[in-house]
1. Determine whether segment 116-129 contains at least one residue that is under 15 Å from Pro196 (Cα atoms) and touching a helix residue (DSSP H, G or I) at 6+ places or on another chain (Cβ under 9 Å).
2. Can you give me the number of residues within segment 249-307 that are basic (Lys, Arg), under 30 Å from Gln114 (Cα atoms) and either touching an Asp or Glu at 6+ places or on another chain (Cβ under 8 Å) or modelled with pLDDT under 95 (or both)?
3. Tell me, which strands (runs of 3 or more DSSP E) wholly within segment 1-68 include 3 or more residues that are closer than 17 Å to Gly181 by Cα?
4. Please list, ordered by first then second residue, the pairs with beta carbon atoms under 6 Å, 6 or more apart or interchain, first in segment 276-296 and in the same structural domain as Val249 (by TED's automatic domain parsing) and without any contact (Cβ under 8 Å) to a residue 40 or more places away in the chain, second assigned to a loop (DSSP other than H, G, I, E, B) and surrounded by fewer than 17 Cβ atoms within 10 Å (Cβ to Cβ).
5. Of all residues in segment 73-90, how many are at pLDDT 95 or above and under 21 Å from Thr31 (Cβ atoms)?
6. Kindly establish whether Arg257 is in a helix (DSSP H, G or I), surrounded by fewer than 23 Cβ atoms within 10 Å (Cβ to Cβ) and not hydroxyl-bearing (Ser, Thr, Tyr).
7. Is it fair to say Ala85 is touching a residue at least 12 places away in the same chain (Cβ under 8 Å) and closer than 30 Å to Leu322 by Cβ?
8. Does segment 89-96 contain at least one residue that is surrounded by 15 or more Cβ atoms within 10 Å (Cβ to Cβ) and either without any contact (Cβ under 8 Å) to a residue 24 or more places away in the chain or farther than 22 Å from Ala232 by Cβ (or both)?
Amino acid sequence: MQNFTYHKPKTLSDAIDALRESGGDVLAGGTTVVDLMKIGVRAPAALVDITGLATLEGHEIGPDRIRFGALARMAQVADDPALVAAAPVLTEALWKAASPQLRNVARLGGNILQRTRCPYFRDAAYAQCNKRNPGSGCAALDGGETGHHAILGGSSACVAMYPGDWAQALIAFDAEVRTEGPGGSRTIPFAQLHVPPGDTPEVETILRLGEIVTDIVVPLTPALKASHYLKARDRESYAFATVSAAVGVEMDGDTVRDARIALGGVATTPWRARAAEDSLKGGALTEATAREAGRIAFADAQELEGAAYKIRLGPDVVAGALMTAKSRAAGEK
């Protein structure tokens, strides 16, 4: 690990100034940036530790939306009974994301900005990685192992998978991200925060230099109350998703009034399956229609040799999540 300057600002304004002047990285929970520094993937000139900024902590459920401070801990949010009742998909995605030790340290703002777990990105011994070393090529696409890579949203430059769980719930339910930076405050639709790789996979978000996520806001909807996060993975405890689905439904009798579907473990960014949602609206939700929605969600998937199993597994995961959401809409446990 190389030497770096450490800043511990007392105010948000001071933190923004320190980031702008140093060009460094934000330190919140540290579960991503410190890890990447240890393995030689990141070598920031400075770390700006924002963990003392109390105004960025906490969360609350309002009459029409839920607000999460960027420094709220994953464990505190996942354990809130009121949130379990109002938005089960949000708590389930956090519970299934990490071990208790990590959930007690990791913060929500950092969680949504976590970096890919692509082995070619995380191992500096591999020279070919356009995300880490722009213009060097993609080892995964150049005959590498692709079993844990993205089959949606990739490009000829990069198929690294976005690894997070909670982001799928956020994109499915129209979350917004609020930021503060040198240019003032912004409200960013969560669906616009992350950038597909295209020709510049090193650019992962639209955040500007010195800009800090302060809040995450999720509107309260009937579909959010009848929601579920289903995660298929290589092992039961705290593994990254092979395929996951964050879903919710609003029913009018036997008819689907609203449907939300987002996919994890399969895309380069948090991924909303709008065509799959539309296939359900105005019709009945049955095992057959749920599975057809899952098939539609993966209709445009790229058949990477090592990840082709995700195309077969994906519709089952989507259908299973939808049927659980339907049960919750009916008041069943």
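The values are calculated or read from the model by the stated rules, or taken from the named source; none is laboratory data. Keep in mind that what you see is a predicted model, and the values were worked out from it rather than measured. So basically every Cβ, Gly included, is an ideal-geometry build from the backbone, and we count neighbours across all protein chains shown.
1. Checked segment 116-129: at least one residue is under 15 Å from Pro196 (Cα atoms) and touching a helix residue (DSSP H, G or I) at 6+ places or on another chain (Cβ under 9 Å).
2. We begin by selecting, within segment 249-307, every residue basic (Lys, Arg); these are 257, 260, 272, 274, 281, 291, 295.
So of that shortlist, the ones also under 30 Å from Gln114 (Cα atoms) come out as 260, 272, 274, 295.
From what's left, either touching an Asp or Glu at 6+ places or on another chain (Cβ under 8 Å) or modelled with pLDDT under 95 (or both): 260.
So the answer is 1.
3. Of the strands (runs of 3 or more DSSP E) lying wholly inside segment 1-68, those with at least 3 residues that are closer than 17 Å to Gly181 by Cα span 25-27, 46-49.
4. Every condition considered, the pairs that remain are Ala284/Asp254.
5. 1
6. Details: in a helix (DSSP H, G or I): no; surrounded by fewer than 23 Cβ atoms within 10 Å (Cβ to Cβ): yes; not hydroxyl-bearing (Ser, Thr, Tyr): yes.
Criteria not met by Arg257.
7. Values: touching a residue at least 12 places away in the same chain (Cβ under 8 Å): yes; closer than 30 Å to Leu322 by Cβ: yes.
Yes, satisfied.
8. Applying the first criterion (surrounded by 15 or more Cβ atoms within 10 Å (Cβ to Cβ)) to segment 89-96 yields 89-96.
Narrowing the set further to residues that are either without any contact (Cβ under 8 Å) to a residue 24 or more places away in the chain or farther than 22 Å from Ala232 by Cβ (or both) leaves 91, 95.
Yes, the conditions are met somewhere in segment 89-96.
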